[in-house]
């Protein structure tokens, strides 16, 4: 385990703000509105401090990156609520891989599963072009092993 990266350590709000790249007002608002509350210690009144775990900070950075990618806070909040339900988890942003196109959020629960969060688990799929290209190159090599590249000729009529 890396020194300083432990779930038992508590990180105070000023440290969290610096690490995540947000203002104290944002952090406070997100905690008060239940978007992302601290796991170790909640504020209990004037002068008390919130204490966040490393996993909390990871989730906060995910929220910040989704904001930076153009997602609205309203959509992020909705996605977090859905993921909390689906995963039955208090740390939903640490339990999945998220992808976003700025309009919607997709969650990958495993390497084989990708779902549209806003459509409550509607399955989606992606095609990585690189592997398709490599597969096609291999098939062409199998079809034409003696020729580097096939030459197509129009048939005489």
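The values are calculated or read from the model by the stated rules, or taken from the named source; none is laboratory data. Note that the structure is a prediction, hence the values are computed from the model and not measured. A quick note on method: Cβ atoms are made from the backbone with ideal geometry, for glycine too, and the neighbour counts reach across all protein chains shown.
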Legend entry - 1 or more residues assigned by TED's automatic domain parsing to the domain that holds residue 32, under 30 Å from residue 13 (Cα atoms) and modelled with pLDDT of 70 or more: qualifying helices (runs of 4 or more DSSP H) within segment 43-157: 54-68
Inset, instruction - Determine whether segment 44-51 contains at least one residue that is under 22 Å from the mean Cα position of the chain (by Cα) and either surrounded by 18 or more Cβ atoms within 10 Å (Cβ to Cβ) or in contact (Cβ under 8 Å) with a residue 40 or more places away in the chain (or both). - result: no
Inset, instruction - Could you please find all residues in segment 73-94 being farther than 13 Å from residue 105 by Cβ and in contact (Cβ under 8 Å) with a residue 40 or more places away in the chain? - result: 90, 91
Legend entry - Conditions (1) over 12 Å from the mean Cα position of the chain (by Cα); (2) exposed (fewer than 15 other Cβ atoms within 10 Å of the Cβ): number failed by residue 16: (2)
Inset, instruction - Among the residues of segment 18-42, write down those that are touching a residue at least 24 places away in the same chain (Cβ under 8 Å) and either part of a helix (DSSP H, G or I) or more than 24 Å from residue 72 (Cβ to Cβ) (or both). - result: 19, 20, 27, 30, 39, 40, 41
Inset, instruction - Only residues that are loosely packed, with under 15 Cβ neighbours inside 10 Å and in contact with a strand residue (DSSP E or B) (Cβ under 6 Å, 6 or more places away or on another chain): list them for segment 70-98, please. - result: 97
